[in-house]
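J.: Below you'll find the structure I mean.
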Amino acid sequence: VSPASLIAVGQCGNQIGCCFWDLALREHAAVNQVPSYNLFPFFLSFRVVGDGGSISKGKICSLKARAVLIDMEEGVVNEILQGPLRDVFDSKQLITDISGSGNNWAVGHKVFGSLYQEQILEKLRKSAEHCDCLQCFFIIHSMGGGTGSGLGTFLLKVLEDEFPEVYRFVTSVYPSAEDDVITSPYNSILAMKELNEHADCVLPIDNQSLFDIISKIDLMVNSGKLGTTIKAKSLVTSSAGAVKKRHQKPFDAMNNIVANLLLNLTSSARFEGSLNMDLNEISMNLVPFPQLHYLVSSLTPLYTLADVNIPTRRLDQMFSDAFSKDHQLIRADPKHSLYLACALMVRGNVQVSDLRRNIERLKPSLRFISWNQEGWKTSLCSVPPVGHSHSLLALANNTCVKPTFMELRDRFTRLYKKKAHLHHYLQIEGMEESCFMEAVSSLSRLIEEYNQLDATKCMPVEDLPRLSIAM
């Protein structure tokens, strides 16, 4: 099993990363009564002591996550180091500062990038040195702030130069239109240019979509539809047991959904299955053109939070859900847009015949590009998420991602037209107005590529004869 290294950058990245490690350890504790090689891809070494060597009852010692934690404010990383997972992280693999990036991409990218480049490289090399064949780096960051957007995308160029053969998977959390960081459109546009140029695969996650999902949980709880299946001290409820009010954003629960996406994405690397998928196969099969590497994700059951039990969905309904707009982690409707390719990553007691049957059932309602009508990639992992009989992660290279980028460009244009807050960026050495123009041009070219693909939607599909096997 090829190992991977996770790099969490900024407040959002570290909170999601911490959540991922927590869920991964819970999952392995539930599945493995003795330490298993399945932990190897994401951990450096481990030793378990305690009740009969049981992970669930014993204490995990010297189990170190194959991770680098970076934040220019030390608050979140300090919380992690004081929390229950403090022994999982190697204190030598952390990089923090105290001043923060001030919600400024230029500070994160230009100032802290230059200042910490050698230190970051040293940590990355150490993370990779125990690997025979490092398969990929997972970068988790947000697009709206300063450290995640600036230093997070600076890191991509460093990885490309230092480890050119290792895949770079990026989970990017995009700000909502009501984001409280007024400069988030600038930060996001500048970060997008770096993602376009230096990432192999990007999983865009929309904060608003996550919030909408949590709001649906609130509604279900309040209406009594969940009955007693939700615990009083769940991550979607307050410590007093009362559901959080709608106007508050329950970031813990939102981060948990993203962590579950990563949990499903890496399940083939961590557990056995009849049809496992290597992470590098995702890029190989789903990215037909280098710049069109943005994959829309959907997760079902949607509410796979750590301590929330949702009644199991029927298998066929689970497949239908994965293609509905209500289950997408960005605001998009893939059914009414064009698919370049699609991957279905299934966990649980599901057969290959179930996969094939559902693909054939759904195909007539989905529009695939004419030259890739059979653009499906599938994987089966035999171990389901804790508390569920099965789950499905769908990754789609689909033109429905375009409106997210267009909205981002519109928000940038409104701010840039007034030159509002621009001086905060231009006072940083190496930043000029041309940086903004180049970034918005890069995004416009990307949008135009999606426009050209959308223009082919109405073209007739050639019914090419299949090759027959000579007997």
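J.: For region 359-432, what's the radius of gyration and Dmax over Cα atoms, in angstrom?
T.: Rg, Dmax (Cα atoms, Å): 21.8, 57.
J.: By how many nm would the segment from Val31 to Arg414 lengthen if fully extended, with 0.36 nm per residue of separation less the alpha-carbon distance?
T.: Value of the extension gain: 132.7 nm.
J.: For an R0 of 51 angstrom, estimate the FRET efficiency from the Cβ-Cβ distance between Ser365 and Phe251 and round to the nearest 0.05.
T.: Computed FRET efficiency for Ser365 and Phe251: 0.90.
J.: Compute the length gained on full extension between Gln82 and Ser215: take 0.36 nm times their separation in residues and subtract their Cα-Cα distance, giving the result in nm to one decimal.
T.: That pair, Gln82 and Ser215, stretches by 44.9 nm at full extension.
J.: Another one. Taking R0 as 45 Å, what's the FRET efficiency between Thr456 and Glu429 from their Cβ-Cβ distance, rounded to 0.05?
T.: 0.50
J.: Given Lys335/Lys418; Lys377/Lys402; Lys216/Lys335; Lys92/Lys157, which pairs have Cα atoms separated by over 26 Å? If you can, show how the numbers build up before the last one.
T.: Values: Lys335/Lys418 38 Å; Lys377/Lys402 22 Å; Lys216/Lys335 22 Å; Lys92/Lys157 23 Å.
Too far apart for the 26 Å limit: Lys335/Lys418.
J.: Shape of region 99-192 from its Cα gyration tensor (a ≥ b ≥ c, root eigenvalues): rounded if a/c is under 1.5, otherwise prolate when a/b > b/c, or oblate?
T.: prolate
J.: Separate question: Over region 54-150, with every protein chain in place, what whole percent of the accessible area is carbon and sulfur at 1.4 Å, could you tell me? Can you show the working numbers first?
T.: Details: 1820 of 4030 Å².
Taking all protein chains in place, region 54-150 shows 45 percent carbon and sulfur surface.
J.: Whenever you get a sec, compute what percent of the accessible area on region 350-405 sits on carbon and sulfur atoms (1.4 Å probe).
T.: On the way: 1170 of 2240 Å².
Exposed carbon and sulfur together represent 52 percent of the surface.
J.: How far apart, in nanometres, would the label points at Gln317 and Asp180 be if each is projected 7 angstrom from Cα along the Cα-to-Cβ direction?
T.: About 3.7 nm, to one decimal.
J.: For region 92-181, what does the accessible surface come to per residue with a 1.4 Å probe? Please give it in Å².
T.: Numbers: 3420 Å² over 90 residues.
Using a 1.4 Å probe on heavy atoms only, each residue of region 92-181 averages 38 Å².
J.: So what is the accessible area of region 352-402 per residue, in Å², with the probe set to 1.4 Å?
T.: 40 Å²
J.: Once Rh for region 367-408 is found with the Kirkwood sum over Cα pairs, what is the Stokes-Einstein diffusion coefficient at 37 °C and 0.692 mPa s, in µm²/s?
T.: Roughly 242 µm²/s, to the nearest whole number.
J.: Still on this model: Full-extension gain between Val352 and Gln208, please, as 0.36 nm times their residue separation minus the C-alpha to C-alpha distance.
T.: Computed gain between Val352 and Gln208 is 48.4 nm.
J.: Could you tell me whether region 310-384 comes out rounded, prolate or oblate from its Cα gyration tensor? Rule is a ≥ b ≥ c as square roots of the eigenvalues, rounded for a/c under 1.5, then prolate if a/b exceeds b/c, otherwise oblate. Walk me through the intermediate numbers first.
T.: Working: a/c = 1.94, a/b = 1.31, b/c = 1.48.
Oblate shape, in that a/c is at least 1.5 and b/c is the bigger or equal ratio.
J.: Please list 3J(HN,Hα) in residue order for region 320-337, calculated via the Karplus relation 6.51 cos²θ - 1.76 cosθ + 1.60 where θ = phi - 60°; whole Hz, with x for glycine and proline.
T.: 5, 4, 4, 9, 8, 5, 5, 10, 7, 8, 10, 6, 7, 10, x, 4, 9, 10
The values are calculated or read from the model by the stated rules, or taken from the named source; none is laboratory data. All values reported here derive from a predicted model rather than from experimental measurement. Every residue, glycine among them, receives a Cβ derived from its backbone with ideal geometry; neighbour counts consider all protein chains shown. Protein only, heavy atoms only, side chains kept; ligands, DNA and RNA dropped before computing areas. Shrake-Rupley method; radii C 1.70, N 1.55, O 1.52, S 1.80 Å.
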